[in-house]
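To start, the structure under review is shown below, and the notes come after it.
Rule-based calculations on the coordinates, nothing more; no lab input. None of these values were measured; they are calculated from a predicted model. Every residue, glycine among them, receives a Cβ derived from its backbone with ideal geometry; neighbour counts consider all protein chains shown.
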């Protein structure tokens, strides 16, 4: 597999469920990201990990819990979500977000989440 | 005021037309300007990026940055139905050699090229 792979592609869950989204990158990158994409809104940065360390938490509610066990894998654990959390969740990776150069992101295809 | 403004469209043009997509921004510290293309049911993919002001051309695509006006554009010549997608602008500031760059995205413009 190449690029950034996200599973599952589609997820329907109730407000009391616990589920997880998984992301894997095969690009040798050191930074990984979670973004939320909602209709008619810009991409919202949720979390950033550089070399497995969380470097950004963009005031995301605690019902979203990220986990980065290594530079190639990223998880987003979901629990007691709200219907307004329904969106496309995109994982991305980049070489790293430092070094004063363009931070070019490679995105996965996304996980479409519906909260009932 | 949003940091990055982009008209969400939708924009519909006939095949072969020249398409102009635009974004304005408010943060004068932005120095990297990117265009991503997102097909339906796919993630965004980088189309091209420029550093600071000026033009950059790649085949039928030209990216233009006017920092004095805080305005960037993407032109598509000889547009094709396969260009139908959502186009997102994104930009970031240089934070220094140890600083982390955060990309700020526009809302995206949905473009349809009609055969």
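Its Cα gyration tensor gives the protein assembly as shown an equivalent ellipsoid. The semi-axes, each the square root of 5 times an eigenvalue, are 29, 22, 16 Å from largest down.
Global size of the range B:1-103: 14.0, 46 Å for Rg and Dmax (C-alpha atoms, Rg to one decimal, Dmax whole). Per-residue shielding of B:35-41, expressed as the average number of other chain Cβ atoms within 10 Å of the residue Cβ, stands at 2.
Put in line by how crowded their Cβ is, counting other Cβ atoms within 10 Å and starting with the fewest, A:62, A:72 read A:62, A:72. As a proxy for reagent exposure, B:34, A:15 were ordered by neighbouring Cβ count within 10 angstrom, fewest first; the result is A:15, B:34. Given the options B:101, B:31, B:64, state which has the largest fluctuation in a GNM of chain B using a 10 Å cut-off (strictly under) for Cα springs. Of B:101, B:31, B:64, the Gaussian network model singles out B:101 as fluctuating most. Look at the alpha carbon pairs under 8 Å that are at least 6 residues apart: their mean separation over the length of chain B gives a relative contact order of 36 percent.
Averaging the sequence gap over all C-alpha pairs within less than 8 Å and six or more residues apart, then dividing by the number of residues, gives the range A:57-116 a relative contact order of 30 percent. Residue order for B:78, A:85, B:58, B:7, fewest other beta carbons within 10 angstrom first, comes to B:58, B:78, B:7, A:85. Entry note, the range A:13-101: relative contact order of 41 percent, from Cα contacts under 8 Å with a spacing of 6+ residues.
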